[in-house]
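Right, one structure below, let's go through it.
The values are calculated or read from the model by the stated rules, or taken from the named source; none is laboratory data. If you're wondering where the values come from, they're calculated on a predicted model, not measured in any experiment. When we count neighbours, we look across all protein chains shown, and the Cβ atoms used for this are built from the backbone with ideal geometry, even at glycine. Ligands, DNA and RNA are stripped out before the accessible areas are found, and what is left, the full protein with its side chains, is counted by its heavy atoms. Shrake-Rupley method; radii C 1.70, N 1.55, O 1.52, S 1.80 Å.
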Amino acid sequence: MKRMSPARQWALLLLFSVIVGFGFQACHLPAALLLGPMIVGVVMGLLGASIRVPSRCFTLSQGILGCMIAQSLSPGILTPLLNDWPMVVAVLFGTLLASGLSGWLLVRFSALPGPTGAWGSSPGGASAMVAMAGDFGADVRLVAFMQYLRVLFVATAAALVARIGLGDAAGHQAVTQVWFPALDARFIGTLAIALVGILLAPRLRIPSGALLVPAILGAVVHSGGLMTLQIPEWLLAMAYALIGWTVGLRFTRDIVLLALRTLPQMLASIFGLMLVCGAMAWGLTQVLPVDLMSAYLATSPGGLDTVAIIAAGTKVDMSFVMAMQTLRLVTILVTGPAMARFISRHAGKPQPT
């Protein structure tokens, strides 16, 4: 595939993404327009595709996704978290302990160096973890592979759980979509909020800011009654595809060969973390008035953007999901460096020189 021109590679990527994505949607699979392009991107990446999604397009997609999330956010999001803060804190620390244990076991029983195993097993925003890992002596290529491999598994598992648990109701929104509504000033205002949020994010140094800052700005405008956000389905589909391609095309043959020696341990670490988070989701439903699917997505150790896309395609409590995911991301970013140093020193592996 490397011998193909970039134009032909993009054409194949687009064609098969449309086929697979809408095929999944016809089966009422949640987040079909994310999973389809992601899987096609993985296959093409392994076959040697040289194309990559420009970083600006990925950032803009996150901004659009942030505005979509903003439609479900309101000041009331904090009420259930504050009322049940002991359980929320317990879940956060449980996730930290689970990811720390996962990283420790991964380093202990594989050839991975300490910082790489620690950052690769951290269940925060994948892009944020990759960006920070290099500053702490980790192999960025392996960290990216581990993070996006987990995102791939978590996104697929969450979509399947939603499909099995909710049945055809999981994809009901996909049936009633209006793809090309009449656009007005609200559409221009929504794009302006996304762009302003994207420009502010680097200056505010907020992790995953390209997603969170537009979400916060959009929530203020939307819930405050200043303007109703307008995000047509065709624009969301483009954002989903770009995010899916960004994840999928990272699975190159060279990186897979590099990770092949420790792949079984990586898979065991990912599945173990997913099982622990699933158990905590069940525990949340026993204490809080939240359904199992909302709790599952709130505790899933995947990327913030992919979880948001899956949540948008199912009938779950988006506010609760995003609040829990954001709190965990911030907690992981604060504690991540200390956890990486601890694992490097105590997992029985010498630090790389």
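Things worth noting here:
- For Asp254, the solvent-accessible surface computed with a 1.4 Å probe is close to 110 Å², ligands and nucleic acids excluded.
- Area of Val43 that stays accessible when all protein chains are in place (1.4 Å probe, Å², to 10): 80 Å²
- Global geometry of segment 232-324, whether rounded, prolate or oblate, following the gyration tensor of its Cα atoms and the 1.5 cut on a/c: oblate
- In this simple spin-label model, placing a label point 7 Å from the Cα along the Cα-to-Cβ direction at both Ala11 and Leu275 gives a separation of 4.8 nm.
- Proximal charge balance of Leu288 [Cβ under 11 Å; K/R count +1, D/E count -1]: -3
- Given R0 = 25 Å, the distance between the Cβ atoms of Ala185 and Ser55 translates into a calculated FRET efficiency of 0.25.
- Rolled with a 1.4 Å probe across the full set of protein chains, the surface gives Ser50 an accessible area near 70 Å².
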